[in-house]
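Peer 1: If you scroll down you'll find the structure; I have some questions about it.
The values are calculated or read from the model by the stated rules, or taken from the named source; none is laboratory data. Values in this document were obtained by computation on a predicted structure and should not be read as measured data. Virtual Cβ from ideal backbone geometry, glycine too; neighbours counted across all protein chains shown. For accessibility, only protein heavy atoms count, side chains too; no ligands or nucleic acids. Shrake-Rupley method; radii C 1.70, N 1.55, O 1.52, S 1.80 Å.
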Amino acid sequence: LVASIAVPEFLLAVPCFILFALYRALPNEFLLTKHICVAVYDIWIGITAGAAISVFPIIDNRFRKVVARIPVIRMLLPYNYSKMAHSKVKSIRQIQQVGTADIYFNMLTIDLAGVK
């Protein structure tokens, strides 16, 4: 899950680093260009925030199940989404029935359930 979120977020952050480096590298004679870099940087931060919010439902099943009720998101999901097999995650009650020695491995199973 972390890798599937980190890669798109990193790619969305690259332009910010480029704009900041350009702002720092330009001399003061290019004041208008520096101000344009600041304005584009601010706009890009807003685009990145919107993209981050919209990427979560597409990446992970847990988010998809919750937002699948929203009509706009439902259109973005695959055609046969309702027929797709979902990974089964153990509930807390099922975990509590197991001895305390196995709790670490059961929690690890829950964390890795969505990772493919």
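Peer 1: Roughly speaking, to the nearest percent, how much of region 1-61's 1.4 Å accessible area is carbon and sulfur? Please report the intermediate quantities before stating the final value.
Peer 2: Details: 3340 of 4200 Å².
Reported share for carbon and sulfur atoms: 80 percent.
Peer 1: As an exercise, use a Förster radius of 22 Å and the Cβ-Cβ distance of Leu108 and Arg62 to find the FRET efficiency, rounded to the nearest 0.05. Don't skip to the answer; put the middle values down first.
Peer 2: Values: r = 16 Å, r/R0 = 0.75.
E between Leu108 and Arg62, to the nearest 0.05, is 0.85.
Peer 1: Apply the Karplus parameterisation 6.51 cos²θ - 1.76 cosθ + 1.60, with θ equal to phi minus 60°, to every residue of region 39-48 and state each ³J(HN,Hα) to the nearest whole Hz, in sequence, with x for glycine and proline.
Peer 2: Values per residue, Gly and Pro as x: 5, 5, 4, 4, 5, 5, 4, x, 5, 5 Hz.
Peer 1: Net charge around Leu19, counting only other residues with Cβ within less than 11 Å of its Cβ (Lys, Arg = +1; Asp, Glu = -1)? Walk me through the numbers before you get to the answer.
Peer 2: Details: positive: Arg24, Lys34; negative: Asp42.
Every neighbour counted, the sum reads +1.
Peer 1: Need the full-extension length gain, Asp42 to Ile18, defined as separation in residues times 0.36 nm minus the C-alpha distance. One decimal, nm. It would help to have the intermediate numbers written out before the result.
Peer 2: Working: separation 24, 0.36 × 24 = 8.64 nm, distance 1.30 nm.
Full extension of this stretch gives 7.3 nm more.
Peer 1: For Leu76 and Ala52 in one chain, what is 0.36 nm times their gap in residues minus the Cα-Cα distance, to one decimal in nm? Let's see the in-between values first.
Peer 2: Values: separation 24, 0.36 × 24 = 8.64 nm, distance 1.53 nm.
Between Leu76 and Ala52, full extension yields an extra 7.1 nm.
Peer 1: Can you give the Rg and Dmax of region 1-70 based on its C-alpha atoms, in angstrom?
Peer 2: Rg then Dmax for region 1-70, in Å: 16.4, 53.
Peer 1: Please find the FRET efficiency linking Ala3 to Thr33, where r is the Cβ-Cβ separation and R0 is fixed at 41 Å, and quote it to the nearest 0.05. Could you put the intermediate results ahead of the total?
Peer 2: Numbers: r = 36 Å, r/R0 = 0.89.
The value I calculate is 0.65.
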